[in-house]
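Written below as structure tokens is the structure these notes are about.
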Amino acid sequence: MTAYGLLIDYEYCSGCQSCEVACKEEHKIPVGQWGIRILDDGPWECTDGKFNWNKIPTPTRLCDLCAERTAKGKQPSCVHHCLTGCMQYGTVEELAKELEEKPNQVLFVPKPYQY
Amino acid sequence: MKIFKGQGTADLGKPWRFEEDGLTVTRGCAWSPPGCHPTGCGIKTYVNAEGELVKIEGDENHPITNGRLCVRCLTIRDYVYNPDRVLYPMKRAREDRGKNKWERITWDEAYDTIAEKVAYYKENYGAESILVMGGTGREGGPMLPAYAHACLGTPNACYTQSGYSCYIPRVAGTTYVMGATYPEMDYAGGLPGRYDDPMFKLPELIVFWGKEPLPSNGDGLFGHAAIDMMRRGSKLMSIDPRVNWVSTRADWHLRLRPGTDAALGMAMLNVIISEKLYDEEFVTKWCYGFEQLAERVATMPVEKAAEICDLKAEDIVEAARVYAAAKPAQIAWGLAIDQKSNGVQAGHCIMALEAITGNIDVPGGQLIGDVNDGLELGFGWNNLGPELQSKILGIKEYPAYVALVLNAQCDMVLDALEAGDDAQYYPFKMGVFEDTNFLAGTCAAQPKRWHDAMVKNLEWCFGIDVWMTPTIQATCEIFLPLSTTVEHDTVVYTHYGASPIMAGAVNKAITVGDCKGDCEIMYELGMRCMPINFEKYKDYYDFLADYRLAYKKTFEELREEVVHQKTEMCGYKKYETGRLRPDGQPGFNTPTGRVELYSTMFRQFGEDPLPYYMEPQLSPVSTPEEFEKYPFVLTTGARTYCYFHSEGKQIPYLREMNPDPLIEINPADALKLGVADGQWVEAESPFGKCVLKAKVSQIVKPGVVHAQHGFWFPEKDAEEPSLYEVWRSNINELIPHFMVGKLGFGAPFKCLICSIKPIAENYDTDMMEVWDRFGKLVI
């Protein structure tokens, strides 16, 4: 079976949180819970005086990659609404190629899980 | 056209209204409420057979936003169906001010009562006794003068923020120096091919100066356009005391001391002029007063500026050289310029930088508007007649302010309100609040003083809003409920019309309660109070076509087009083609026909015609003794994605992003004071105090703190004296009244001093309380 994923270019994620809220609206997720969440690392100052600040949208155990939407040819809600356009949805094979072409990206292959 | 790889494509090419899975989908542009600047982002509203809004999505057909949407529009459904929203007109007796004793009435009763009161105050005290106060961003914001002059017939419109410290100081500076409304960074918004359009040139450098447009979309600029350009190769420079996300992606970041922008601007000009890095041809042909400017900025050598601004001299030199060498370069200059009494001079420096480097009205530089594509300012003004016009408050004292925006000088208004019947010229008796919640730490300094004066001395008031706000709860006898952006037909014009980008149709998709839009209320109320201005229109849509579209097209035409990019208005170097002056002559619309580096208009108003630096009124340098008691430099009001000023506090998904009012403090300072991250602290200035939650972060330098604005707590007690606990975390209580520049502009909202004291109390928001109250019912 073909695996699908989310490719996140965290060099450009501005932390607008549209992905978080678009997901909550799409899936009716209450406050205190998330389908995707931005992990926020920074700002902290490096020795050269520049600041590290990366925001990384991270799918949670609730993310089903918007199965209903993608079945209709739509983008997952987070990807569709991302203000910087730093997210892509696709097959792992396609996204892996994109990953090779540009650094500072991360590929997630989420699937809801139970333990 | 794809702007980014993940862009949605499923609905590309769909008409303005279509069906999908049993739902009716309406495409439109969003503008207010919820409050926002006129960016007009593309939305699709999905409505079921019962007429209920099911969901909102971004419209991928929109040429600028391409389906992208921020959290404030993503949550429109939670806003529309929020249990706290007011859906019908209401009234209350004056003795019940501050109490929740509202009673539902009809629009007819509301309009009749208002018209009766307007007539009463005009007859007994003169029309000037009616004071119309407005807010920002929402559609009603820029309609403020029209509400006063055209709709009710008083000269006294008032944006209440001390020194009109928002946008207008920049606009005034531009008007006087450049004869245009506002030089905006060019992001190819009006060009059909956008960034790939053959007319456009990608900027080599984007400078963010006192501006963070990503969360704010300031003045209608879609902030994330900067990311689109950055991804295509533009480099960034950030001039900002704070670290923000953009500054971490900038090659140059000048973290200046808050309030010292004019010194930095002068020093950069001095480098560019003394090293002859300027565009000689543009300076010779199109600038006035270059020699005088050169002489003046020579008084600000980089070493001096470095000391004033707390920067390294070599960083200032490098920034000046980089900016001068980049072709084209653009500066996005922000609200921080407005929020200091030396701001007009800082803005003058920025415009001089843009001009002498030849970046004015060139592709990828600073775009200025065609003279034939202006704002609607002035509607109803002429029909007031000369006597009433001469009574607008502050026309003698602050003509550069009052005559330009046709607003009463707001600091003088507070003085008059407090004086009541003893006011210098005349008393204010009736108050109107249209789209403003200025008691909630937004657009007013010293809001408690405003509150006390208005409650005591305004005899009768009405307010227009979506929500019961602390402002209306404290003051009004009638409440008129506003419809949201998906419930009415109107037009959004980006950049308040100052840049030739687009006009968008705000398309009605649903009806909720008995609410009306700002334009509709103005039209209907105007028909009763000032028919002279409205009876020429055959209906609301005729009014809209004139007021918003200058009869260039009808609303019905725009509705189907959804977005009209103003391609016909696009064009560069308009100073060569006569499209900047009403007389059609080449040049700029200034007395000299040139960009006035030496401003003849400033001189005429009694102001220094050249830029100069002035210390903030309270600072470590100007008031060292006070600074010992208040040892932090205070800056306020940075933008967040979740809120538009005071709006959004009762939308659970938004509140969750920023539940409590934060004050950023450097870890070194927090250690010294014994403040833990997340602990509540008391911030105090010589003018007032409030409590805020500490965010310990390197976002601010040691010695500087930044506080959020616009907080009130709609889940708390609505009645006086609580008023939704509006005074508890109200940062504007710390901002002084009437400490403004010579022209009446600019107050120190972003350059003050304060002390910080850790406290034991905890005021953390209970998000489950917010969810139970405002969220559960909607979902």
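Quick note: the coordinates plus some simple rules give every number you see, no bench work behind them. This one's a predicted model, so the numbers in the text were calculated from it and none came from an experiment. Virtual Cβ from ideal backbone geometry, glycine too; neighbours counted across all protein chains shown.
So here's what we get for this one:
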{"read-out": "Computed Kirkwood radius, in angstrom, where 1/r is averaged over Cα pairs of chain A", "value": "14.8"}
{"read-out": "5 angstrom amide H check on B:Lys689, placed H, neighbours 5+ away", "value": "none"}
{"read-out": "In sequence order, calculated HN-Hα J values of the stretch B:716-722 (Karplus, 6.51, -1.76, 1.60; Hz; x Gly/Pro)", "value": "9, 3, 6, 8, 4, x, 5"}
{"read-out": "Positive-end residue of B:Pro258, B:Met527, B:Leu414, charge dipole of the protein assembly as shown with Cβ unit charges", "value": "B:Pro258"}
{"read-out": "For the stretch B:1-152, size of Cβ-based charge dipole, Lys and Arg +1, Asp and Glu -1, in debye", "value": "520"}
{"read-out": "Residues whose placed amide H lies under 5 Å from that of B:Val54, excluding near-sequence neighbours", "value": "B:Tyr46, B:Val47, B:Asn48"}
{"read-out": "Distance in nm between pseudo-label sites at B:Asp197 and B:Ala676 (7 Å out along the Cβ direction from Cα)", "value": "5.5"}
{"read-out": "DSSP beta bridge pairing in chain B, given as percent antiparallel to the nearest 5", "value": "50"}
{"read-out": "Distance violations [Cα-Cα > 29 Å] among B:Lys689/B:Lys742; A:Lys74/A:Lys102; B:Lys629/B:Lys693; A:Lys72/B:Lys552", "value": "A:Lys72/B:Lys552"}
{"read-out": "Long-range amide H partners of B:Cys41 with built H, under 5 Å", "value": "B:Ala30"}
{"read-out": "Calculated SAXS-style log₁₀ I(q)/I(0) at q = 0.07, 0.09, 0.11, 0.12 Å⁻¹ - chain B, Debye, Cα scatterers", "value": "-0.47, -0.81, -1.29, -1.57"}
{"read-out": "Estimated dipole of the protein assembly as shown in Debye, rounded to 20 [Cβ of Lys and Arg +1, of Asp and Glu -1, Cα centre]", "value": "780"}
{"read-out": "Of A:Gly49, A:Gln17, A:Thr84, farthest towards positive along the dipole that unit charges on Lys, Arg, Asp, Glu beta carbons give chain A", "value": "A:Gln17"}
{"read-out": "Note, ³J(HN,Hα) from phi for the stretch A:66-81, Karplus 6.51, -1.76, 1.60, rounded to Hz, x at Gly and Pro", "value": "6, 3, 5, 5, 5, 5, 8, x, 9, 6, x, 4, 5, 5, 4, 9"}
{"read-out": "Spin-label pair B:Ala419/A:Thr91, simplified geometry with 7 Å Cα→Cβ offset, distance in nm", "value": "7.8"}
{"read-out": "Calculated FRET efficiency for the pair B:Arg232/B:Glu387, C-beta based, R₀ 51 Å, to 0.05", "value": "0.35"}
{"read-out": "Total lysine pairs under 14 Å (Cα atoms) in the stretch B:168-369, excluding pairs fewer than 8 apart on one chain", "value": "4"}
{"read-out": "Kirkwood Rh, angstrom, the protein assembly as shown [1 / mean 1/r, Cα pairs]", "value": "27.7"}
{"read-out": "Rg/Rh (Cα only; Kirkwood hydrodynamic radius) as it applies to the stretch B:168-369", "value": "0.93"}
{"read-out": "Computed E for A:Asp64/B:Glu769 - FRET, C-beta separation, R0 30 angstrom, nearest 0.05", "value": "0.50"}
{"read-out": "DSSP-assigned coil residues among chymotrypsin sites (Phe, Trp or Tyr not before Pro) in the stretch B:416-525, each with at most 16 further Cβ atoms within 10 Å", "value": "B:Tyr425"}
{"read-out": "Gain upon complete extension [B:Asp108, B:Asp251; 0.36 nm per residue less C-alpha separation]", "value": "45.5 nm"}
{"read-out": "Net lengthening on full extension, B:Glu719/B:Leu87 (0.36 nm per residue, minus Cα-Cα)", "value": "225.6 nm"}
{"read-out": "Residues of the stretch B:439-456 with amide N under 17 Å of a point placed 7 Å along Cα→Cβ from B:Tyr125", "value": "B:450-456"}
{"read-out": "Quotient of Cα Rg and 2.2 N^0.38 Å for the stretch B:1-88, N being how many residues it contains", "value": "1.12"}
{"read-out": "Lys/Arg +1, Asp/Glu -1 at C-beta; chain B dipole; positive extreme among B:His37, B:Phe605, B:Ile273", "value": "B:Ile273"}
{"read-out": "Whole-Hz couplings from phi, Karplus 6.51/-1.76/1.60, listed for the stretch B:584-593; x for Gly and Pro", "value": "x, 7, x, x, 9, 8, 10, x, 8, x"}
{"read-out": "Nearest-0.05 FRET efficiency for A:Gln33 and A:Val109, computed from C-beta distance (R0 30 Å)", "value": "0.90"}
{"read-out": "Estimated dipole of the stretch A:4-108 in Debye, rounded to 20 [Cβ of Lys and Arg +1, of Asp and Glu -1, Cα centre]", "value": "440"}
{"read-out": "Anchor B:Lys695: lysines whose Cα lies under 20 Å away (excluding residues fewer than 8 positions away in-chain)", "value": "A:Lys55, B:Lys649, B:Lys672, B:Lys750, B:Lys757"}
{"read-out": "In the stretch B:271-328, the GluC sites (Glu not before Pro) that fall in loop regions by DSSP, at most 14 other Cβ within 10 Å", "value": "B:Glu275"}
